[in-house]
Amino acid sequence: NTKNYTLVRKDRGKNKGGGLAFLVHESVTFYQETTPPTLSNDPHLESLTITIPGKDNKLQIRNIYIPPYSSCQPQYTPPLNNIFDELNDTSIVIGDFNAQPDSLPAAKDLIENEKWIDVGTKASWWGGRDNENICQTRPQAKPSRIDGVFASEGAIQFIKKFEIIKDDMIPTHSVVRL
């Protein structure tokens, strides 16, 4: 039910269908950020960022989509090192990376340096199951964790729930509710 939510969306610029979206509860004040040039100039990557102002700081949430390599131009390399660009110390990055979290160099380095947390590996902190599979490339495929949620140390306090919602209307991706 989306009655009490604002839909923030960025439709896919090329090809039909798809895009990125947030559902933000009507009680939450937010604004949409401009996509950094390091991401907006990429021919395949999609990005949408919102900011929720707070008393002492602001929470930034970035939604990323990187298509499968088979859908990209030959020799395409996604700008994975840029997905954290222009985010503050209180940020969450979510998305469909079409890659396992440990194969994302930028995320892996930040996680190893303890600046960011792979929330999926810590889902039990919020009553969930650690490393739960949340994506299938098609309904018959083996589920995997190629969708991800990364949070900076400063943003962990804002995550009140980490829940994987299976929905028959969305056959390949589960909804992550924070």
**Report entry** Phi-based couplings in Hz for region 53-68 (Karplus 6.51, -1.76, 1.60; Gly and Pro marked x)
**Finding:** x, x, 4, 9, 7, 10, 9, 10, 10, 10, 10, 10, 10, 10, x, x
**Report entry** Principal semi-axes in Å for region 1-68 [√(5λ), Cα gyration tensor, largest first]
**Finding:** 24, 17, 8
Query raised in the report: Of Lys58/Lys115; Lys122/Lys160; Lys3/Lys58; Lys10/Lys55; Lys10/Lys115; Lys10/Lys161, which sit over 22 Å apart, Cα to Cα?
Result: Lys3/Lys58; Lys10/Lys55; Lys10/Lys115; Lys10/Lys161
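No value in this document is a laboratory result; all are computed from the given coordinates. Just so it is clear, the structure is predicted and the values come from calculations on it, not from any experiment.
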